[in-house]
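Asker: Sharing a structure here in structure tokens format.
Values quoted throughout were computed directly from the atomic coordinates according to the rules given, and no laboratory measurement underlies them. Bear in mind the structure is a predicted one, so any value in this text is a computation, not a measurement. FYI the Cβ positions are ideal-geometry reconstructions off the backbone, even for glycines, and counts take in every protein chain you see.
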Amino acid sequence: MTATGQGTAAFDPFEDGFVDWPYDQYARLRAEDPVHWSPLLEGWVLTRYDDVNTVLRDPTVSVDLDNANPTGVVELQRERIRRNGRGSHTLVLLDDPDHKRLRKLLQRPFAPRPVEGLREMVTARVDRAMAALLPRGEMDVVGDFAYPLPVAVFCEMLGIPDEASPQFRDWTMAVIRNLDPLIDDEEQARCAALTGEMYDYLDDQAELKRQAPAADVMTELVQAEDAGDRLSRDELVAQLVTLYVAGHEPITGLVGNGLLALLRQPEQLALLRARPELLGNAVHELLRYDGPNQFVRRIAVQPLTLGDREISPGDVIYLGIGAANHDPARWPDPDAVDVSRPDAPHHVQFGSGIHACLGTHLARLVSEVALSALLFRLDDIQPAGDPVWSDRMVLRGLQSLPITFRA
């Protein structure tokens, strides 16, 4: 680790205002110290688009914490994984060849054609939700719509009973919170207990599919085989937990964050309503502007040079996805929403390279259908109180977004 010549800016997710709008802090880091050694994280924080994209695409960097130098933060993260041994089998913590093997077994249900085949089901779920909400004239966009919708969609995909879906909010929020590198012991214990409940539940559901196969994605994953290779029981459950989180949390974040962004820039909301053919591009732009994925972690296994910094083998690197998507060297006027932005799809919200998000197509489909319902079926949308943000570093999202509207 070589960290000479740093500026005065420092990465601090506890800074006042960071939860509401972290992009000002990212901008200071990018201007003063874009390859920043963070004593708080005991790792590097990258904020430039080119640096983030370079490391995302570098096949020599690792996601396996076993390759990291044993700092205090790393040891805490390793302990979380040890507490739940099944979690070590998840795709996001494995390098090739293990990563490639598991991804090959998992990828078919999440490819573009199978996902497009879900559009009718997703639309029916949205219609059902809107039918219940429209007569009220008010809702919490997150609690009433943006959270329950993708959970219900994923439960139907997997063949899990709808009545189980309310439990998933506590479970998935615990898994997500556990991604943050800086949480106290009490919260770690609570997250571990809830994560264990989620693993046990999905393990039981997978066993039901082994005994009574059905026409659903969980059965497909239980039976997935490639050249005689199959997922072990622990591998399967670890991927199901990961897919649950990756399959709905970005959607919840995009729908909530995205609607709030459009309400705050009403000319863009008006443009989108006047030109609905821009909806697909608008989803990309909202992912760029204020997407849920703010950081991903990588570990250097070979020396890396970024700008005037030398990153040593074993150093942990936090890639600022949100910061990269606001880099003015890549995006003109990055702190404004532009639903017609021609290069919006080039954001790095879903990563890049071999670890690009498996659920990208599903997240875009559900988000597009959900946002379409909000934008084109609700009139005179007005805030009905202050939005409430989750105090998370890695996955950014609203806890609450109350609105009123006319149907």
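Asker: Let me know the Rg and Dmax you get for region 186-250 when you use only its Cα atoms, in Å.
Answerer: 13.3, 45
Asker: How big is the dipole moment of the chain about its Cα centre under a simple scheme where the beta carbon of each Lys and Arg is +1, that of each Asp and Glu is -1, and everything else is neutral? Debye, nearest 20, please.
Answerer: So the dipole magnitude of the chain works out to roughly 1000 debye.
Asker: Moving to a separate point now. When every alpha-carbon pair in region 95-199 is counted, what percent end up more than 20 Å apart?
Answerer: Values: 3212 of 5460 pairs.
That fraction is 59 percent.
Asker: Once you have all Cα-Cα distances for region 245-286, histogram them in 5 Å bins from zero and send the whole-percent values.
Answerer: 5, 23, 29, 25, 11, 6, 2
Asker: Show log10 I(q)/I(0) for region 37-103 at q = 0.22, 0.28 Å⁻¹, two decimals, from a solvent-free Debye sum over equal Cα scatterers.
Answerer: Scattering profile of region 37-103, log10 relative to I(0): -1.12, -1.23.
Asker: What's the center-to-center distance, using Cα atoms, between region 359-379 and region 237-252 in Å?
Answerer: The two parts, judged by their Cα centres, are 18 Å apart.
Asker: How compact is region 260-377 by the rule of thumb for globular proteins, expressed as Cα Rg over 2.2 N^0.38 Å? Could the numbers behind the result be given before it?
Answerer: Values: Rg = 16.7 Å, N = 118, 2.2 N^0.38 = 13.5 Å.
Working it through for region 260-377, the quotient is 1.24.
Asker: Ok, one more. Just to be sure I understand: with springs between alpha-carbon atoms less than 10 Å apart, which residue in Gly320, Gly385, Gly351 has the highest mean-square fluctuation in the Gaussian network model of the chain?
Answerer: Gly385
Asker: In whole Å and largest first, what semi-axes does the C-alpha gyration tensor of region 35-179 yield when each eigenvalue is scaled by 5 and square-rooted?
Answerer: Numbers: eigenvalues 249, 82, 62 Å².
Each semi-axis is the square root of five times an eigenvalue, giving 35, 20, 18 Å.
Asker: Give me the Debye-computed log₁₀ of I(q)/I(0) at q = 0.23, 0.29 Å⁻¹ for region 328-382, equal point scatterers on Cα only, no solvent, two decimals.
Answerer: With one equal scatterer per Cα and no solvent, log10 I(q)/I(0) is -1.07, -1.13.
Asker: In nm, give the distance between the simple-model label positions of Glu207 and Arg78, each being 7 Å from the Cα along the Cα-to-Cβ direction.
Answerer: Result: 3.3 nm between the two label points.
Asker: Also: Rg and Dmax of region 150-272, using alpha carbons, in Å: what are they?
Answerer: Rg and Dmax of region 150-272, Cα atoms, are 17.5, 55 Å.
Asker: Ok, one more. Translational diffusion coefficient, Stokes-Einstein: compute it for the chain using the Kirkwood radius over C-alpha pairs as Rh, at 4 °C and 1.567 mPa s, and state it as an integer in µm² s⁻¹. Could you put the intermediate results ahead of the total?
Answerer: On the way: Rh = 21.9 Å.
Approximately 59 µm²/s, per Stokes-Einstein.
Asker: Which of the GluC sites (Glu not before Pro) across region 271-327 are loop residues per DSSP, with 15 or fewer other Cβ within 10 Å?
Answerer: Filter output for region 271-327: empty list.
Asker: Given a 10 angstrom Cα cut-off, can you work out which residue in Pro135, Pro70, Pro303 is the most mobile in a GNM of the chain?
Answerer: It is Pro135.
Asker: Using Cα centres only, tell me the gap between region 34-96 and region 182-210 in whole Å.
Answerer: If we compute the Cα centre of each part, the gap is 22 Å.
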